[in-house]
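J.: Dropping a structure here in structure tokens format, bear with me for questions.
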Amino acid sequence: MPVCTTCGVQYDDVDPEVCPICTDDRQYVGAGGQRWTTVAEVSAGHRTVVRPEITGLTGIGTEPGFAIGQRALLVPGEGGNVLWDSVSSIDDAAIARVTELGGVAAIAVSHPHYYSAMVEWSDAFGGAPIYVHADDRRWIPRRGSVRTWDGDTLEILPGRTLINTRVHFAGGTVLHWPGPDGRGDLCSGDIVQVVADRRWVSFMYSYPNLIPEHPDTVRRTVRLLRDLEFETVHGAWWGKVVESDGSGVVVRSARRYLEHLGLTPDF
Ligand SMILES: [Zn+2]
């Protein structure tokens, strides 16, 4: 099955001429034109690493980097681990390490750019359900064990709650977890993007093409997140983590964002 080399998403056996995700405004077709690979090729040419992120949560990444280069996270708890987001490679060593850590009971993906090899990861763990927001239904590249969900929030396993902020994609989703000590973590993909200065986050409709998110969507995101407790915000790449006062960082960053657009920073 073809995997787009620019976004890393694996499609079913219908080989499209161009990647639908990359021809959208929020992505781009690589300078050399559309290129395809496979999960087997990516996995053979890269290592699938499973190691702690700086906060101790387990990360899963592809090294050297492939396509967009995001890393996934294992979010533990009652009922098993949630695999938050996904990568385009998978191998026996990574499956063995994740199995030692308790396996994968469910998968949730923030938005279409990170669908990657989510069905392969699900299949490797007994067909674990993959939660994708229904408003991104048109982008689902392979059916597998995908389950669409509706509305603003869904607790998929005890303590692991999805929140549809609508940033970046209509189905753009983050995951809230109280954490082992109740301090709280937000796994945000690039829906709430941890930026270079890790005391701040931002909100974009397109990152590669630098199109800002609509202010009403940013306001809505603050309303959905401001009453949740979370110290930590886990962005989409290794080390992209806000380590303290996460909920305050989201509110301050939204205020700064709206002020720079010349708008009143109210929510
Ligand atoms: Zn693509």
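The values are calculated or read from the model by the stated rules, or taken from the named source; none is laboratory data. Predicted model only: the values in this text are computed from it and were never measured. Cβ coordinates were reconstructed from backbone atoms using ideal geometry, including for glycine residues, and neighbour counts include every protein chain displayed. Ligands, DNA and RNA are stripped out before the accessible areas are found, and what is left, the full protein with its side chains, is counted by its heavy atoms. Shrake-Rupley method; radii C 1.70, N 1.55, O 1.52, S 1.80 Å.
J.: Which value in nm describes the separation of the simple spin-label points at Arg198 and Ala31, placed 7 Å from the Cα toward the beta carbon?
T.: Taking the two extended label points, one gets 3.0 nm.
J.: Can you give me the % of accessible surface on the stretch 3-260 that is carbon or sulfur? Probe 1.4 Å, all protein chains present, nothing else counted.
T.: 48 percent
J.: Go ahead and collect, in residue order, the members of the stretch 2-45 whose backbone nitrogen is under 19 Å from a label point 7 Å along the Cα-Cβ direction of Arg143.
T.: Answer for this model: 2, 10-16.
J.: Quickly rank 22-32, 104-114 as a protection proxy: mean count of other C-beta atoms within 10 Å, highest first.
T.: 104-114, 22-32
J.: Once phi is turned into ³J(HN,Hα) by the Karplus curve 6.51 cos²θ - 1.76 cosθ + 1.60 with θ = phi - 60°, what whole-Hz value does each residue of the stretch 228-235 show in order, with x for glycine and proline?
T.: For the stretch 228-235, the Karplus-derived couplings read 8, 8, 7, 8, 10, 10, 8, x Hz, x marking Gly and Pro.
J.: Please identify which residues in the stretch 8-36 have an amide N closer than 19 Å to a label point set 7 Å out from the Cα of Asn209, following the Cα→Cβ vector.
T.: Counting only backbone N, you get 8-9, 17-35.
J.: Per Stokes-Einstein, at 4 °C and 1.567 mPa s, what whole-number D in µm² s⁻¹ belongs to the chain, with the Kirkwood radius over Cα pairs as the hydrodynamic radius? It would help to have the intermediate numbers written out before the result.
T.: Values: Rh = 18.4 Å.
Roughly 70 µm²/s, to the nearest whole number.
J.: Please give me the summed charge of the neighbours of Asp245: other residues whose Cβ is under 12 Å from its Cβ, Lys and Arg +1, Asp and Glu -1.
T.: +1
J.: So, one more: Might you tell me the accessible area per residue for the chain, computed with a 1.4 Å probe and given in Å²?
T.: Numbers: 10930 Å² over 267 residues.
Heavy-atom SASA per residue in the chain reads 41 Å².
J.: Related question: Using modelled amide H (1.01 Å from N, peptide plane; none on Pro or chain starts), what sits under 5 Å from the amide H of Val87, excluding residues fewer than 5 places away?
T.: The list, which skips near neighbours in sequence, is Ala117.
J.: Ok, one more. Multiply the residue gap between Arg47 and Thr217 by 0.36 nm, knock off their C-alpha separation, and tell me the result in nm, one decimal place.
T.: Residue separation times 0.36 nm, minus the Cα-Cα distance, leaves 57.5 nm.
J.: Roughly speaking, what is the stretch gain from Glu229 to Asp24, that is 0.36 nm per residue apart minus the C-alpha to C-alpha distance, in nm to one decimal?
T.: My answer for the length gained is 70.3 nm.
J.: OK, next. Would you grab the residues whose amide H sits under 5 Å from the one on Gly171? Only those 5+ places off in sequence or on another chain, please, with H modelled 1.01 Å from N.
T.: Asp136
J.: Which whole-number percent gives the relative contact order of the stretch 3-260, counting Cα pairs below 8 Å spaced six or more residues apart?
T.: Over the stretch 3-260, the number comes to 15 percent.
J.: Can you list the HN-Hα couplings for the stretch 43-50, worked out from phi with the Karplus curve (6.51, -1.76, 1.60; θ = phi - 60°), rounded to whole Hz and with x for Gly and Pro?
T.: Going residue by residue, I get 5, 6, x, 9, 9, 9, 8, 10 Hz, with x marking Gly and Pro.
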